[in-house]
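Take a look at the structure below.
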Amino acid sequence: MEVKRIQSLALEELKEVPPQFIRSASERPENSKAIEGVTVPLISLSQPHHVLVKEIAEAASEWGFFQITHHSISEKLIQNLQKVGKEFFALPQEEKEGYANDPSNGKFDGYGTRMTKNLEEKLEWVDYFFHLMAPPSKVNYHMWPKHPSSYREVTENYKKEMLRVTEKVLEVLSEGLGLERKTLKSKLGGEMIELEMKINMYPPCPQPHLALGVEPHTDMSALTLLVPNEVPGLQVWKDNNWIAVNYLQDALLVHVGDQLEVLSNGRYKSVLHRSLVNKEQMRMSWAVFVVPPHEAVIGPIPSLINDHNPPMFSTKTFAEYRYRKFNKLSQ
Ligand code: OGA
Ligand code: NI
């Protein structure tokens, strides 16, 4: 089925966005501006361990979101990741279409643009590329971009760093719940924990005040580790306001996702977030979703449950969770 790509639409240099992109009045960025003067937590990984545990646990509980610095990922590697992603989206349209995905038939991997399932649903001003990065036994490299030719090597190197940072953050978050360090990773499948890459590409938009890049949502992941390009756009929801996330070179943006909210029985919050688009500049972001394998059973960790803390979420396999949320069925 032919899908209209946002990148192709942007090339038409329209004066107005097509009606399917125009948000309802309350959802429009022009009517739901971020408040000023509030900034998201910024946490250095090089602090003394007990300080790190306290800061990350606090940020995960109060915000479900934080930026980390001193993560030891080389600047060069982040630049290379951004370079190969940009080069992929600059390929001729026909070549990109060779990777087209088809979520309605369960084929999520590849090049995609969201389609609506019903008339009321609005479209998002973003194209993306999605593929699995880990564990090695499940990765299908045929699904990865073949051009630029360095895509695979760069992305493999980035994956190693994502695994290292994931492990560290999950250890700290486990300790923040008073649990043994390895607990969260082991609940998320241990060595079978999965990393998915989603490269978001937001072309310039003629009426950014009326449209959204990504509509308000929480991530289904346990954690999402994201680097943007230098163009701002991400906003997180806190205390009934949108807060704009400032761009900080080389910071890694960490979202707490639904699976950690469930495992922690609500102590850690899955952050609601959205992204805005922009009239002049292309925005890009590289989101790595840390998810359990499909068969992992995710529910509130038993030692966190007592008479004062009854379970707030049901226990189900990640496959079931994902299927229900994807189809927007109630949980
Ligand atoms: C996402 C997302 C935000 C961004 O892809 O789930 O929330 O900054 N992206 O691109
Ligand atoms: Ni998200």
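Every number here is computed from the coordinates shown, using simple stated rules; none is lab data. Fair warning: this is a prediction, and the values are worked out from it, not measured in the lab. Because the Cβ atoms are built from the backbone with ideal geometry, glycine has one as well, and the counts that use them run over all protein chains shown.
Distance from the C-alpha centroid of the stretch 132-157 to that of the stretch 304-319: 36 Å, rounded to the whole angstrom. Listed from fewest to most Cβ neighbours within 10 Å, the set H50, H71 follows the order H50, H71. Using θ = phi - 60° in the Karplus curve 6.51 cos²θ - 1.76 cosθ + 1.60, the 3J(HN,Hα) couplings for the stretch 240-249 round to 6, 9, 7, 10, 6, 8, 6, 7, 10, 4 Hz; x is entered for Gly and Pro. Distances between placed amide hydrogens fall under 5 Å for N265 paired with I301, all partners being 5 or more residues away or on another chain. Karplus-based coupling profile of the stretch 153-166, in residue order and whole Hz: 5, 4, 5, 4, 5, 5, 4, 4, 5, 5, 5, 5, 5, 4, with θ = phi - 60° in 6.51 cos²θ - 1.76 cosθ + 1.60 and x standing for Gly or Pro.
Between amide H atoms placed 1.01 Å from N, distances below 5 Å from M133 occur with L195, E196, M197, all of them 5 or more places distant or on a separate chain. From the alpha carbon centroid of the stretch 57-90 to that of the stretch 225-284 is 11 Å. With a threshold of 27 Å on the Cα-Cα distance, the over-threshold entries among K269/K325; K168/K198; K146/K279; K86/K160 are K146/K279. Listed from fewest to most Cβ neighbours within 10 Å, the set V277, V40, V17 follows the order V17, V40, V277. Relative contact order of the stretch 125-185: 18 percent, from C-alpha pairs under 8 Å at least 6 residues apart in sequence. Does the stretch 141-186 come out rounded, prolate or oblate by the C-alpha gyration tensor, with a ≥ b ≥ c the root eigenvalues, rounded set by a/c under 1.5 and, if not, prolate when a/b is larger than b/c and oblate if not? Prolate.
Neighbour counting of Cβ atoms within 10 Å sorts the residues R152, R283, R274, fewest neighbours leading, into R152, R274, R283. Antiparallel beta bridges, as assigned by DSSP with both residues in the chain, represent about 90 percent of the total such bridges.
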